[in-house]
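The values are calculated or read from the model by the stated rules, or taken from the named source; none is laboratory data. Please read these numbers as outputs of a predicted model, since none were measured by experiment. Please note: Cβ atoms are built from the backbone with ideal geometry, for glycine as well, and neighbour counts cover all protein chains shown. These area figures cover heavy atoms from the full protein model, side chains too; ligands, DNA and RNA do not enter into them. Shrake-Rupley method; radii C 1.70, N 1.55, O 1.52, S 1.80 Å.
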Amino acid sequence: MPAMPTFDRFTLKSVLGRGAQGTVYLATDKRLERQVALKTLNAGADPAAAAQQLTEARMVSGLQHPNIVTLFDAQQERDGTYLVYEYIDGSTLSNMIRERGHLPAQQAVKLTIDVLRALVFAHQRHTLHCDLKPSNVLVAADGTARVMDFGIAQRTDRRSAGATTAATISAPPSGFSGTPCYLAPEIAAGAASSVASDLFSVGIMLYEMLCGKPPITGRTIFETIHRMAQETFDAVASRNQDVDPKLNQIVMHAIAKLPADRFASATAFIGALEDYLVPVAEPAAAGEGSSATLAFLIQRMRFKSDFPVLSGAVSAINRIVASDREPTSKLTNIILKDVSLTNKILRIINAAHYNRFGGAISTVSRAVSLLGFDAVRNIALSLVLFEHLQNQQQAADLQDIIGGCFFSSVFAVELAKSVGRADAEEMAICAMFHTLGKLVATFYLHEEAKQIASVAATRNLSDDRAAREVIGVTYSELGAGVARHWNLPGEIIDSMGTCDDAQVSTSVYDHQPARVFASCATEMANLAVHGDADSRKANLTRIMGKYAKSMKITPETMAHVVERASERFKTDTAAIGLRCRTKQLTCEASYIAATMRGEEAPAIADITNAGQVVGANGNVGGVSGGSDAVTGEIATSALPSADDRRAQLLAGIQDITDTLAGEYDLNQALRIILETIYRGARFDRVMLFSRAPNGRSMICRHAFGRDGERLVSEGFSLSLEPARTVFYGALSRGADVAIQDVNSAKVAPLMPSWYAKKLGARGMLLLPLMVKARAIGLIYADCAQAVVSFDEADLRLLRTLRSQAVMAIRQKDFG
């Protein structure tokens, strides 16, 4: 065993791995007091290898991403070259496969998505890996995959890097680099490395994770290369019977022989895998035969006209988690696509119980920064669910269920706060989805739901027992199956189970608090919805006996919770126009609170608004009134007048002023500004560009509207090289540019050649961000069809927003 080298700055502790050219050590950086992975060249390595290692350093130093191992430093000394990497406590993917034989499909897919996210980032920065294989992927202790060893990475031709299959290096290599059984056939034939060849390697890795070995191996390098190019790959499913047809098709698509037959980009590959992770029906544990029954019921619902739309909307919001790199941007973009949903979220957020920030909140971005990601995401989920279900034919039958779901949600929030829990929003969303099975059955399986209700009433059975008799599964099992179909978090699915114990034990509460809160909130909501003066006291006594001890809650506290929930429920249903019997439910809540305190509750008066709706304006109307469905379409009447437009812009300016007055996150502040411009002026797309580190271009950092997320993810940029275009003119002179029609005779010659294909808008507004006569950024806004037509008052407000963006940047950069 050769002796370890010595370094002044580093203490080498052990060998992490050895390769053909170098050795990687676990080391301690004595200067910064942290563990690192130090890579050195083997003794006698030729100068070309040292130069290659420094090339790797230059490339990897610009790749800072959660799924790429970070390069800290590179040094070339008399005794050789070494690179200093972040140390990841984990194992290589190759070791995992060797130890386990193959990985479960879900784990393999999730690890592949991590690798692909690293490639999306690298490819956007014109870098190909060229040697992707399991030994170059580290799996951290938390299960995250991290790509390493860009040692033979190559720069792509910037002019073609954005193309889906032609992001190739400027000239093909004389030989080839990489590991034979992961090498794309076209590379072995002498073609240039490309995005497609990197994706092929990822596909082979996924194949190996599922089957335990690659599709082709050989006794020699040349045999392997020949077989990879000439032989047909066995289907994954033929080697692993647990791989279903959908995943089999994805893998075989990724490893197609011809580049044009593969996924067009890493983003497209990710999309296919994420769709796979949303199963058609993966039911909760149930009795024998119930799995097939549940799958059949969900399949029936899938054929209903709007179930796919609802599923897509819920899944899209739910996929965005707080651990995402830019969760706020993704969530805000999804919400802003739907004007009705946006307005309702802002109305509910500005209701009395939220309005504690000294003024109205005018943007979703600001709402997320103040209330938190989870709160806004949960409001969006609830509104999407209720909007789809309440504006249809069965609306009248659903009123009590929807009202009960919503009341249980607000009750759970108040209950969680009363006992000092920090996860009140999580408890709320679990309570809201607790009766999802009954909700979707009433809507999508209407005749069966009526039969279940009849059986439950005539035979005095619980809803779950009656449902099992009629449709073969309980409502809880149906709800859990739909929740899995929508890819809802495990906490929500787990909370759908009932708490059947006469008294919920402290251990159950400690281990499954969401289920206890959801169950308690649902029972209280049912009591309020189906008010019965004769049985109210007995039911309350039962509920308190069941939950009070584990939750450590008194009747007096419960009474306060009911009152606060009732007020919040009344405010929120008015704010969003939720169709339910609000007056009856809130009246019953007041009687419940009185009973909890031991006060004499009067008999419930006849309430005649059983079929009435509290609208967004607080008025009461019939159930058959006009719907306010979440459609994503902007009606003509929704377009703002000049006064409305200015009011919204002014509200946004005040929102931003309040943000900048305290501690703020720069990206959040810039998003609030962009969203204000996007919503207030009704542009189709708004983007913010900032200077690239090289100073030669402006890169799109944030965007709202049409194709905005795609343009950001692609790293869309504007060149700062001198040119006779409106963009260069605006940025070089600091001039604001408002164009009514880019196709006009005067303007058309000044439009860059790429504009029509890449952006293709007719009206355009450019607002440069200038500091000391130098452009540090640009706000770009456009309209696809309608021309930009603002008077001077509008432009003054938009310029104020631009000034706020400059102020936000300067305060963070120089403050």
Discussion item. Considering only residues that are among the hydroxyl-bearing types (Ser, Thr, Tyr), open to solvent by 10 Å² or more (accessible area, probe 1.4 Å) and either modelled with pLDDT of 70 or more or over 29 Å from Arg564 (Cα atoms) (or both), which ones fall in the stretch 341-367?
Written reply: Ser362
Discussion item. List pairs: first residue in the stretch 453-476 and closer than 14 Å to Lys438 by Cα and free of Cβ contacts under 8 Å to residues at least 12 places away in the same chain, second residue of a type outside the set (Val, Ile, Thr) and buried (at least 16 other Cβ atoms within 10 Å of the Cβ) anywhere in the structure, Cβ distance under 6 angstrom, at least six positions apart or on different chains.
Written reply: Ala456/Asp463; Ala456/Ala466
Worksheet item: Applying the selection to the stretch 713-736, what residues are modelled with pLDDT under 90 and open to solvent by less than 40 Å² (accessible area, probe 1.4 Å)?
Response: Gly715
Worksheet item: So which of Arg710, Arg701 is open to solvent by 70 Å² or more (accessible area, probe 1.4 Å), in a helix (DSSP H, G or I) and under 22 Å from Leu336 (Cβ atoms)?
Response: Arg710
Discussion item. Return the residues of the stretch 499-551 that are part of a loop (DSSP other than H, G, I, E, B) and surrounded by fewer than 17 Cβ atoms within 10 Å (Cβ to Cβ); say none if nothing qualifies.
Written reply: Asp500, Asp501, Ala502, Gln503, Ser505, His530, Asp532
Practice prompt. For the stretch 10-18, state whether one or more residues are open to solvent by less than 20 Å² (accessible area, probe 1.4 Å), modelled with pLDDT of 75 or more and part of a loop (DSSP other than H, G, I, E, B).
Written response: no
Discussion item. Condition (residue is free of Cβ contacts under 8 Å to residues at least 12 places away in the same chain, farther than 30 Å from Thr127 by Cα, open to solvent by 30 Å² or more (accessible area, probe 1.4 Å) and of a type in the set (D, E, K, R)) applied to the stretch 748-768: is it met by at least one residue?
Written reply: no
Item to complete: Might you check whether a residue that is open to solvent by 30 Å² or more (accessible area, probe 1.4 Å) and modelled with pLDDT of 80 or more occurs anywhere in the stretch 147-166?
Response: yes
Worksheet entry | the stretch 58-84 - residue that is hydrophobic (A, V, I, L, M, F, W, C) and open to solvent by 30 Å² or more (accessible area, probe 1.4 Å) and, of those, modelled with the highest pLDDT | Phe72
Worksheet item: Checking Val742 against (1) open to solvent by less than 50 Å² (accessible area, probe 1.4 Å); (2) under 27 Å from Met807 (Cβ atoms), which single condition isn't satisfied?
Response: (2)
Worksheet entry | Listing of helices (runs of 4 or more DSSP H) fully contained in the stretch 219-276 that carry 2 or more residues being over 30 Å from Asn487 (Cα atoms) and open to solvent by less than 50 Å² (accessible area, probe 1.4 Å) | 221-230
Fill in: The one condition in (1) part of a loop (DSSP other than H, G, I, E, B); (2) over 27 Å from Asn378 (Cα atoms) that Leu488 fails to fulfil
(2)
Practice prompt. Restrict the check to the stretch 657-675 and report whether at least one residue is among the aliphatic types (A, V, I, L, M), open to solvent by less than 40 Å² (accessible area, probe 1.4 Å), over 22 Å from Ser365 (Cα atoms) and in contact (Cβ under 8 Å) with a residue 60 or more places away in the chain.
Written response: no
Worksheet item: Is there any pair with a first residue in the stretch 535-559 that is closer than 17 Å to Val504 by Cβ and a second that is in a helix (DSSP H, G or I) and hydrophobic (A, V, I, L, M, F, W, C) whose Cβ atoms are under 6 Å apart and which are 6 or more apart or on different chains, and what are they?
Response: Asn539/Leu527; Tyr547/Cys520; Pro555/Met596; Met558/Met596
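Within the stretch 723-815, considering only helices (runs of 4 or more DSSP H) that don't extend past its boundaries, which have at least 1 residues that are under 26 Å from Gln648 (Cα atoms)?
792-814
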Discussion item. Taking the conditions exactly as written (farther than 30 Å from Ala237 by Cα, within 35 Å of the chain's Cα centre (by Cα) and at pLDDT below 80), does Met4 satisfy them or not?
Written reply: no
Worksheet item: In the stretch 89-126, what residues are open to solvent by 10 Å² or more (accessible area, probe 1.4 Å), assigned to a helix (DSSP H, G or I) and hydroxyl-bearing (Ser, Thr, Tyr)?
Response: Ser94
Practice prompt. Taking the residues in the stretch 416-460 that are polar (S, T, N, Q) and more than 25 Å from the chain's Cα centre (by Cα) as candidates, determine which candidate is most open to solvent (accessible area, probe 1.4 Å).
Written response: Asn460
